[in-house]
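The values are calculated or read from the model by the stated rules, or taken from the named source; none is laboratory data. Just so it is clear, the structure is predicted and the values come from calculations on it, not from any experiment. Backbone-built Cβ (ideal geometry, glycine too); neighbour counts: all protein chains shown.
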Amino acid sequence: MKVGRCLSWMSAGVLLLGVAAGAAPAAKPVAETSRSDPAARPLIDATKAYLKDKQARRYDRAYAMIASSMRSYLTAELFRDTAERFLTNAGKPGDVQLTGFTWYRDPPDAPEPGLYAAVDFTAHFANLELMCGYLMWHQVADGQFRIVREEQNFIDRQAAGQMVPEQRDKLPRLFGCVSR
């Protein structure tokens with residue numbers, strides 16, 4: 001298992017915390033759903049709470065939402081240090097928008113069978129030109145959902161400012177940002 005760490009500030013970067021570094025799940029979605037779907041509501045609320053807790057530096061509360069499989073290699077200290085370094089460099093947090101919700105059943109590259117949900121988001125920070133990512137939730141034995149993967153893709157304003165407009169316009173697609 002790989003854990004991507006934001007050990008030093010990068011102009012453009014990817015922060016991966018989860019079961020496998022790389023692209024989004026290769027499984028075919030069971031269903032893409034509206035964020036207003038009642039079945040999605042608990043995970044929408046949990047995603048908002050998790051992201052808000054991280055932005056407010058309530059790391060213990062955010063870490064409590066992470067699955068034990070992820071905690072086996074992502075200690076609370078590493079989680080806190082990585083999140084703190086990101087916030088320090090990204091600047092003051094702004095709005096977060098949830099942009100997609102997809103259910104997956106038994107993805108072939110998942111460490112365990114079961115029901116998964118990906119919640120895509122974009123976020124605004126004072127020092128970032130673009131930031132997007134997703135949380136992957138897995139339904140564990142007790143029926144609750146826990147985070148098994150987090151991906152954040154970002155580029156700071158200084159690096160983006162050195163790009164020609166045509167390059168900047170391609171960044172959301174290159175980063176895999178979802179805008180449904």
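Data table
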| item | result |
| --- | --- |
| Filter result for residue 95 (touching a His at 6+ places or on another chain (Cβ under 7 Å), outside any helix (DSSP H, G or I) and charged (D, E, K, R)) | yes |
| Inter-residue pairs, beta-carbon under 8 Å, first surrounded by 13 or more Cβ atoms within 10 Å (Cβ to Cβ) and in the stretch 73-86, second modelled with pLDDT of 95 or more and part of a loop (DSSP other than H, G, I, E, B), 6+ apart | 83/57; 84/57 |
| Residue that is more than 28 Å from residue 41 (Cβ to Cβ) and either surrounded by fewer than 19 Cβ atoms within 10 Å (Cβ to Cβ) or modelled with pLDDT under 95 (or both), where the choices are 160, 90 | 160 |
| Filter result for the condition that a residue is farther than 23 Å from residue 171 by Cα and either assigned to a loop (DSSP other than H, G, I, E, B) or without any contact (Cβ under 8 Å) to a residue 40 or more places away in the chain (or both), over 46, 117, 39 | 39 |
| Number of the condition not met by residue 70 [criteria: (1) buried (at least 20 other Cβ atoms within 10 Å of the Cβ); (2) modelled with pLDDT of 95 or more] | (2) |
| Cβ pairs under 7 Å, 6+ apart, first in the stretch 139-163 and touching a residue at least 60 places away in the same chain (Cβ under 8 Å), second among the hydroxyl-bearing types (Ser, Thr, Tyr) and part of a strand (DSSP E or B) | 151/134 |
| Any hit, the stretch 137-160, residues being touching a Lys or Arg at 6+ places or on another chain (Cβ under 9 Å), of a type in the set (A, V, I, L, M) and within 25 Å of residue 113 (Cβ to Cβ) | yes |
